[in-house]
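The values are calculated or read from the model by the stated rules, or taken from the named source; none is laboratory data. This one's a predicted model, so the numbers in the text were calculated from it and none came from an experiment. Cβ placement follows ideal geometry from the backbone for every residue including glycine, while neighbour counts extend to all protein chains displayed.
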Amino acid sequence: MDEAKYEEALTLIDSSLAILPSWEEHYFYRSLILQKLNRYSESLQDINTFLTIHPENAEANHNKATVLSDLRRYDEALEFFEKAITLKPNDEQYYGNAGIAAFDLQRFGLAEKYLKMSIAINPEVALIHSYLGLLYILNQELRKARLPLDRALNIDPNHYHANFHRGLYFRLSGHPDSAILDYQKALTVKDHDYKLHSNICIAYLDLKMYDKALESCNQSIALNGSLAEQFVNRGVAQLNLEEYDEALSDFNHALTLDPNNIRALLSKAKVYYKKDQLDLAIDAAHKAVTMNPNFADARHLYGILLIKKTGGKKGCDHIKIACELHDQYACETLRNVCKK
């Protein structure tokens, strides 16, 4: 097992059972091996067998919880992490994994509690600091996110999650150039995470480096093209590179994956506008406004398109609404176009 030769380990542990069928710890160790082999259902069956004999074994309860997490059964996983904590209340790993399970359930208050308890016992685990930082990011508490992310990278400068999460912090804080640096560090550790490539694409879009953005979006989609936003982002890169047909194809595909994706619909309107297909642009922008009347970008574009079409007051009414929704560019249009 130490050499990660899990198939050989499995053969040996099965041989041990043949020699001594009454040795119940066989099931404990085989569960660990099967989990490493991604045979989660069999792993769960073995750890359950062991727990029928030793239900108060803290490590077995913890191991069952990790298998349940691998199966994305986070509610059950959290229950067994908490049981392990009750049985052995001084193990930072139990608190840390309970915090991550609570995080996956989006129970951020509970996750913060367990992550901080883990750090209090052992402050030298980069992963736990990294998840605490990501928790603050997702909870829209960016100011609180920086410190735990920096601590994670002080502990381990090459930590994948910490570089990825701090890159996300920089991007959302309006520093896409710094985000790229952290993302690239994460790539040196693991280059096959489609979500990482997708985030790199967005950072390049923010930097208006559309060729680079397109390259990263292509890599993300090649690894796992399952999310509408991946195709929206690639379409935005293509739109800015004046590859209009390709962009339109991506926006349409995004809408098949998520019919309510307002960014895809609004971006379609921009493509039609660039192709001088004003009626199609107006129709797409109107659908976006209908989908979300408080989406300022949709109101602004719809208003501009109506002005192009009719030159009438109706377009300015939409731009005024966009300005009232705190769209700075809409306010400029209101002053420079509609006031005239």
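Before moving on, here are some points about what is shown:
- Complete set of residues in the range 72-128 that are farther than 24 Å from Lys144 by Cβ, more than 19 Å from the chain's Cα centre (by Cα) and not in a helix (DSSP H, G or I): Lys88, Pro89, Asn90, Asp91
Conditions (1) in contact with a Ser or Thr (Cβ under 8 Å, 6 or more places away or on another chain); (2) closer than 15 Å to Ile304 by Cβ; (3) assigned to a loop (DSSP other than H, G, I, E, B); (4) among the polar types (S, T, N, Q), marked per residue:
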{"site": "Glu242", "(1), (2), (3), (4)": "no, no, yes, no"}
{"site": "Asp245", "(1), (2), (3), (4)": "no, no, no, no"}
{"site": "Asn252", "(1), (2), (3), (4)": "no, no, no, yes"}
{"site": "Thr256", "(1), (2), (3), (4)": "no, no, no, yes"}
{"site": "Pro259", "(1), (2), (3), (4)": "no, no, yes, no"}
{"site": "Leu265", "(1), (2), (3), (4)": "no, no, no, no"}
{"site": "Ala269", "(1), (2), (3), (4)": "no, yes, no, no"}
{"site": "Tyr273", "(1), (2), (3), (4)": "no, yes, no, no"}
{"site": "Ile282", "(1), (2), (3), (4)": "no, yes, no, no"}
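- From the options Ser16, Ser41, residue that is under 29 Å from the mean Cα position of the chain (by Cα), in a helix (DSSP H, G or I) and not β-branched (Val, Ile, Thr): Ser41
- Check on Ile100, at pLDDT below 95 and at negative phi: no
- Residue in the range 91-105 that is farther than 20 Å from Asp70 by Cβ and surrounded by fewer than 21 Cβ atoms within 10 Å (Cβ to Cβ) present: yes
- In the range 191-216, the residues that are closer than 21 Å to His159 by Cβ and in contact (Cβ under 8 Å) with a residue 12 or more places away in the chain reach residues that are among the basic types (Lys, Arg) and in a helix (DSSP H, G or I) with C-beta atoms within less than 7 angstrom, at least six apart or across chains, in these pairs: Asn199/Arg171; Ala203/Arg171.
- Residues in the range 302-326 that are assigned to a loop (DSSP other than H, G, I, E, B) and of a type outside the set (A, V, I, L, M): Gly311, Gly312, His326.
- Condition check for Asp75: in contact (Cβ under 8 Å) with a residue 12 or more places away in the chain, in contact with a helix residue (DSSP H, G or I) (Cβ under 9 Å, 6 or more places away or on another chain) and under 20 Å from Tyr6 (Cα atoms): no
- Screening Lys270 with (1) buried (at least 16 other Cβ atoms within 10 Å of the Cβ); (2) within 30 Å of Asp191 (Cα to Cα); (3) in contact with a helix residue (DSSP H, G or I) (Cβ under 8 Å, 6 or more places away or on another chain); (4) not small (Gly, Ala, Ser) gives one miss only, at (2).
- In the range 158-234, counting only helices (runs of 4 or more DSSP H) that sit wholly within it, the ones holding 1 or more residues that are within 19 Å of Leu248 (Cα to Cα) span 194-206, 210-224.
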